[in-house]
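The structure appears right after this line, and notes come after that.
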Amino acid sequence: MGTHYQNFIDGKWVDALGGETFENRNPADWEEVIGVFPKSTKEDVDRAVEAATEAQKEWSRVPVPIRGAILTKAADLLVERKDEYARDMTREMGKVLTETLGDVQEAIDTGYYAGSEGRRYFGRTVPSELPDKVAFTTHLPLGVVGLIAPWNFPMAIPSWKSFPALLAGNGVVFKPASDVPLSGTHFVKTLIDAGVPPKLMNLVHGTGRSVGGPIIEHEGLHGISLIITRASADTLKRVSLELGGKNAQIVWKDADLDLALEGVLWGAFGTTGQRCTATSRLILHEAVHDTFVEMLIEAIGNLTLGNGLESGVDVGPLVNEEQLKIMVDYTGIGLKGGAELRIGGEIASEGALDKGFFFKPTIFTGVTPDMRIAYEEIFGPILSVLKVSEWDEAVAVHNNTDYGLSSSLYTKDINLAFHAVHELIAGITYINAPTIGAECHLPFGGCKGTGNGHREGGWGPYEFFSETKTVYFDYSGALQRAQIDTEEA
Ligand code: UN1
């Protein structure tokens, strides 16, 4: 049956007005029902927007350091609850416990960062061109914002969005992905327990179609932050959009191969390859290609698939059956395109794996830039290996995709490393580290089709979730005309 969970709207735990529900199951063991959640619709979103709009008026008058203190308290509570929330996260989306502990930790870090931002949240003071006049900038909240989060970082990503949105003085309507509604529930409960005004923070469960669409189109919302594959271009509200990646790790001829091996295993198969930042392409210098591929195949053979709550498991299941099917499809696409399947390429169903959505870590070699597996996002444990001989070729191959999120170069050549910083078109470049592992206090986001220019993490979201107010303060007691009286002076 599973526990019955609810929305949190207007300060109360409630069912969807239409009374519909959906089940949340464990992808490592499909027989386990984790809970039953409300399948909400537009009318639930309407109520949430209304409640948040009312509560936001008062919240906008709360001094920013006080808002920050409440968010710090939320981070403290997450520290206490970290273990429980991580276990539930593994149960609902499959990634191994070490990683779900890291996911909750990322939310904790983001909460403490937001708390400290409460005592900064700087504007700028700028000299005026006229005497006895000062100018400065400050922030205004946007109003009420809609936050739509994906399933692969069920607490970290909601925290990236909610903490800055709340610190900046906004009300929130939050829809977690329907594969991870329990982690979304835990997150909102923690914020409320910490003292965020209940009507300000609203949680509306449901599908992209039933709830995501109404949020994107809602006229009462002033900003939207989402990581999905479609957005409403015809509304005037501010949209922060992240759409994915086709990230590459380049291993140069002078690289420390053992280090590069650890990097690619973590980057490609951590989170079962289901990160926006996952390593999906491995670009190898021809001098190390054959050796490195052999090392990689051997190491992959030693990875253990299984339920992420069990110790010794390296790779969990795909999040749902649809994602599993995509892996099967892309294996076919790789083979049809002429790439060579070196290991994996099939559903893993030995023993208890049969009960979940497991796919064997997969390597294709002989991949060329024109093949679909070289430039399309796969979002799973399939790695495409490309061989290059010159640096310019490596750059061209790297940049030959519509995405530009994360990138990595393993080399001992510092000149080459700085070339990579400037020539790889991606929002993030790691030197001698894998494509995953962004820290919460630095900008996160990408170039080209990865997004629309905004960054999560660091200071960017505090700008995104606010309007800049410019203030001119004239204490001369006279009319002073900018540009005109300036010239005479
Ligand atoms: C994502 O894949 O959507 O940098 C987020 C990382 C994590 C966040 C990934 N800290 O891999």
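The values are calculated or read from the model by the stated rules, or taken from the named source; none is laboratory data. These figures come from a predicted structure and were not determined experimentally. Note that each Cβ is placed from the backbone with ideal geometry, even for glycine, and that neighbours are counted across all protein chains shown. Surface accessibility is based on the protein's heavy atoms, side chains included, excluding ligands, DNA and RNA. Shrake-Rupley method; radii C 1.70, N 1.55, O 1.52, S 1.80 Å.
Return the total of residues in segment 321-352 being in a helix (DSSP H, G or I) and either open to solvent by 60 Å² or more (accessible area, probe 1.4 Å) or not assigned by TED's automatic domain parsing to the domain that holds residue 364 (or both). Don't jump to the end; show me each part of the working.
In the first step, residues of segment 321-352 are kept if they are in a helix (DSSP H, G or I); the result is 321-336, 351-352.
Next, only the ones that are either open to solvent by 60 Å² or more (accessible area, probe 1.4 Å) or not assigned by TED's automatic domain parsing to the domain that holds residue 364 (or both) stay: 321-322, 325, 328-329, 335-336, 351-352.
Residues flagged as in a helix (DSSP H, G or I) and either open to solvent by 60 Å² or more (accessible area, probe 1.4 Å) or not assigned by TED's automatic domain parsing to the domain that holds residue 364 (or both) within segment 321-352 amount to 9.
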Inset, instruction - Scan segment 456-484 for residues that are touching a Pro at 6+ places or on another chain (Cβ under 7 Å) and outside the structural domain of residue 113 (by TED's automatic domain parsing) and jot them down. - result: 476
Legend entry - Any pair with Cβ under 6 angstrom, 6 or more apart, that starts in segment 373-402 at a residue that is not assigned by TED's automatic domain parsing to the domain that holds residue 95 and ends at one that is open to solvent by less than 10 Å² (accessible area, probe 1.4 Å) and at pLDDT below 95: 377/244
Legend entry - Residue that is least open to solvent (accessible area, probe 1.4 Å), among those in segment 443-458 that are within 12 Å of the ligand (Cβ to nearest atom) and out of contact with any Phe, Trp or Tyr (no Cβ under 9 Å at 6 or more places or on another chain): 445
Legend entry - Which numbered condition residue 429 fails, given (1) over 22 Å from residue 342 (Cβ atoms); (2) among the β-branched types (Val, Ile, Thr); (3) in contact with a Gly (Cβ under 8 Å, 6 or more places away or on another chain): (3)
Inset, instruction - Write out, first by first residue and then by second, each pair whose Cβ atoms fall under 6 Å of each other, whose residues are 6+ apart or on separate chains, and whose first residue, in segment 39-60, is over 12 Å from residue 202 (Cα atoms) while the second is at pLDDT 95 or above and of a type in the set (D, E, K, R). - result: 39/20
Inset, instruction - Give the residue, chosen from 180, 188, 145, that is touching a Phe, Trp or Tyr at 6+ places or on another chain (Cβ under 8 Å), within 16 Å of the ligand (Cβ to nearest atom), open to solvent by less than 10 Å² (accessible area, probe 1.4 Å) and touching a residue at least 60 places away in the same chain (Cβ under 8 Å). - result: 180
Inset, instruction - Grab the strands (runs of 3 or more DSSP E) fully contained in segment 234-300, keeping just those with 1 or more residues being more than 16 Å from the ligand (Cβ to nearest atom), touching a helix residue (DSSP H, G or I) at 6+ places or on another chain (Cβ under 7 Å) and outside the structural domain of residue 152 (by TED's automatic domain parsing). - result: 247-251, 279-285
Inset, instruction - Scan segment 161-177 for residues that are within 16 Å of the ligand (Cβ to nearest atom) and more than 14 Å from residue 223 (Cβ to Cβ) and jot them down. - result: 163, 176, 177
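Kindly indicate whether residue 410 is aromatic (Phe, Trp, Tyr), closer than 18 Å to residue 252 by Cβ, at pLDDT 95 or above and within 15 Å of the ligand (Cβ to nearest atom).
Details: aromatic (Phe, Trp, Tyr): yes; closer than 18 Å to residue 252 by Cβ: yes; at pLDDT 95 or above: yes; within 15 Å of the ligand (Cβ to nearest atom): no.
No: the conditions fail for residue 410.
Counting residues that are under 30 Å from residue 379 (Cβ atoms), which strands (runs of 3 or more DSSP E) fully inside segment 72-171 reach at least 1?
On the way: elements: 125-127, 133-141, 144-148.
Correct list: 144-148.
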Legend entry - Unmet criterion (only one of (1) away from the ligand (no atom under 16 Å from the Cβ); (2) under 21 Å from residue 438 (Cβ atoms)) for residue 131: (2)
